[in-house]
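Each value in this text was obtained by applying a stated rule to the coordinates, not by laboratory testing. Since this is a predicted model, take the numbers as computed values, not measurements. Cβ placement follows ideal geometry from the backbone for every residue including glycine, while neighbour counts extend to all protein chains displayed.
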Amino acid sequence: MHPLCFRSVSRLLFSVLLLLCAACERPEGEIGTELESGRVLGTPDSAGFTRVLEPRTFSFPDDHGPHPDYRTEWWYVTGNLHGADQRRFGFQVTFFRQGLKAVAEPRASRWAASQAFMAHFALSDIAAGRYQAYERRARGALGLAGAQAAPFRVWLEDWRMIAEQGGGFPWIIDVREGADALHLKVWPQKPLVLQGNQGLSQKSAEAGNASYYYSATRLNVEGFVTTQGQTVPVKGLAWLDREWSTSALAPYQAGWDWFSLQFQDGTELMYYQLRHKDGGIDPYSSGSWIDAQGAKTHLARDDVELAPLAYWQAPDGVRYPARWRLTIKPLGKTFLIRPVLADQEVRKSVRYWEGAVDVFAAEAPDAAVAQGYMELTGYAPGKAKAE
């Protein structure tokens, strides 16, 4: 789940937390300001945009493309990759779209745009202990950035996510920044999953504080990772989150803890825990368990218990939960979740922790049963209280 120039975590951020930012409408010199996820997804500047009020009928591949009637949207791919020598990488590639105005005003300037885009690219080189995140921002003018459905394409300058042909899979992810790059082909092993209530993911009690949300929970990946100038052939698994909305978080909500986990037995878990500013957990926290055949079981707040076991502190003192115990009560399963690198914090226009994790059965904590990604938003700015 997630944010843009915006970034609307990510993810939401929920990717998501994945994630888009009001900075798109500021003078150029102010765009770099860090934003909180609550300000991004709870922004009141939504006049004229459509709100998410009831379930809709999804249509694929059309819905892979943009939904400009809604203010915020993201294409969010995370994954774990392995080279021939079992060298492991984690990656995140996210494109965020933000509507600047619901109705575009006629303007003569070639730079005039009703949409702004932001993209994040992050790479974790596990063996080297190296994590690097990059950001780009552009207005949807002069072909600098944009999104389309037929054929599917979303891009920001030379960063792109495109369908190999038409609008469906496989997709190509192609991003490069300095000595780091990804060139990956991704395609799903399972049907797409409509999260929440038939794809409507409610984030608080207020009508319209919701997103349309679907996932590809198990994408095959083949391609190449380039890190510090060295190119490595890789294969692995990835996860796609797609969300669009006009508003999502309520004023009393601070952010979320989001998990996408892919188990060795062919099952997957998505769960996000919404946190209140007073430290409480929101009853609209939600998730899904996907069985090996692709069938979804909805998980409500009372079905899942999440407890932080340890913390990691950023250089400026901001703390994030670093390890977790997660219990899925209906399944009678408890797991331990551990980051593969401690520092996988994105410090860009929106600040959040997003990184690769390993998952262990609580009764056998020495052998991983899953890999995945974790997103933590709303912890910065501001310091957590001491334990």
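The 3J(HN,Hα) values that the Karplus relation (6.51, -1.76, 1.60; θ = phi - 60°) gives for the range 363-370 are, in residue order, 7, 9, x, 9, 10, 5, 10, 7 Hz. Gly and Pro appear as x. Amide H contacts under 5 Å for residue 100: 115, 116, restricted to partners 5 or more places along the chain or on a different chain, H placed in the peptide plane at 1.01 Å from N. Mean separation of Cα pairs under 8 Å and 6+ residues apart, divided by the residue count of the range 209-357: what relative contact order is that in percent? Once divided by the residue count of the range 209-357, the mean separation gives 12 percent. Between the range 224-284 and the range 302-334, the C-alpha centres lie 14 angstrom from each other. Of 359, 224, 162, which is farthest along the charge dipole of the chain in the positive direction, counting Lys and Arg as +1 and Asp and Glu as -1 at C-beta? Final value for the positive-end residue is 162.
Taking one quarter of the surface of the C-alpha convex hull of the range 278-369 gives a mean projected area of 7.9 nm². Note on the range 43-117 and the range 166-207: Cα centroid distance 11 Å, given to the nearest whole angstrom. Scalar couplings 3J(HN,Hα) for the range 206-218, obtained by applying the Karplus form with A = 6.51, B = -1.76, C = 1.60 to θ = phi - 60°, are 5, 4, x, 7, 7, 9, 8, 8, 9, 9, 9, 7, 8 Hz; x denotes Gly and Pro.
For residue 232, nonlocal amide neighbours, meaning residues 5 or more places apart or on other chains whose placed amide H falls under 5 Å from its own, are 225, 226, 227.
Histogrammed with a bin width of 5 Å, the alpha carbon distances of the range 255-315 distribute as 4, 16, 23, 21, 17, 10, 6, 2, 0 percent, first bin at zero. Which residue, chosen from 204, 64, 283, occupies the Cα position most advanced towards the positive end of the dipole of the range 13-376, where the dipole is computed from +1 (Lys, Arg) and -1 (Asp, Glu) charges on Cβ about the Cα centre? The one lying farthest along the dipole's positive direction is 64. Each semi-axis of the equivalent ellipsoid for the range 43-160 is √(5λ) with λ an eigenvalue of the Cα gyration tensor; in descending order they amount to 32, 18, 13 Å. Taking the Cα centre of the chain as origin, work out the dipole magnitude from +1 charges on Lys and Arg Cβ and -1 charges on Asp and Glu Cβ, in debye rounded to 20. So the magnitude is around 360 debye. To one decimal place, what orientation-averaged projected area in nm² is obtained for the convex hull of the Cα set of the range 121-200? Result: a mean projected hull area of 7.8 nm². Cross-link pairs exceeding 20 Å between alpha carbons, from the set 277/329; 190/329; 203/277; 235/296: 277/329; 190/329; 235/296.
For residue 190, the residues whose amide H sits under 5 Å from its own are 218, ignoring neighbours fewer than 5 places away on the same chain, with H placed 1.01 Å from N. Each residue of the range 280-294 was assigned a 3J(HN,Hα) from its phi angle through the Karplus curve 6.51 cos²θ - 1.76 cosθ + 1.60 (θ = phi - 60°); the sequence is x, 9, 6, x, 8, 4, 7, x, 8, 10, 10, 7, 5, 8, x Hz, with glycine and proline shown as x.
Taking a sphere under 13 Å around the Cβ of residue 52 and counting the other residues whose Cβ falls inside, with K and R at +1 and D and E at -1, yields a net charge of -1. Report summary: the helix-based calculation at 222 nm, which adds -39500 (n - 2.57) for every DSSP H run with n ≥ 4 and divides by the residues of the chain, gives -500 deg cm²/dmol. The Rg/Rh ratio for the range 13-376 is 0.94, where Rg is the radius of gyration of the alpha carbons and Rh is the Kirkwood radius.
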